[in-house]
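Please read the structure below before turning to the comments.
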Amino acid sequence: MSKRFPFTWAAAGLGLILALVLALGSGPGGAIETQAPRGMPLLTRLFIGEFGFLITAAGAFWGFKHRRSQGAEIATLIAAIACVVLAVAFLVMGIGLWTETFPSRPNP
């Protein structure tokens, strides 16, 4: 492990916290709903999802770049893989929110 705290670990930790906030704040049962009665507003969930995606994608990029330049560290690889998984989860969640908000309608 390097002497300074790597960004990859911070990104993975922040991504987990944001994923927990989205899971608990999305409404009853954790379902993706566009009009959650007691949950967070849609725009807030979209913003958190986009911010989480950007942070975790940057963490994955930085982790793989750091691993390539500093040598093989298994801890950095684990954090980078966690960032990749979280980035994909945020991407899927964001697309799910958009497609439920604006369903595709057949052209008349």
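Values in this text are rule-based calculations from the coordinates and carry no lab data. All figures in this text were calculated on a predicted structure; none of them were measured in a lab. So basically every Cβ, Gly included, is an ideal-geometry build from the backbone, and we count neighbours across all protein chains shown.
Quick notes
- 14 Å beta-carbon shell around residue 59, net charge (K/R +1, D/E -1): +2
- Residue ranges 16-25, 89-98, 45-54 sort as 45-54, 89-98, 16-25 when ordered by packing (mean number of other C-beta atoms within 10 Å per residue, highest first).
- Inter-label distance for residue 81 and residue 99, nm, one decimal - labels placed 7 Å from Cα along Cα-to-Cβ: 2.8 nm
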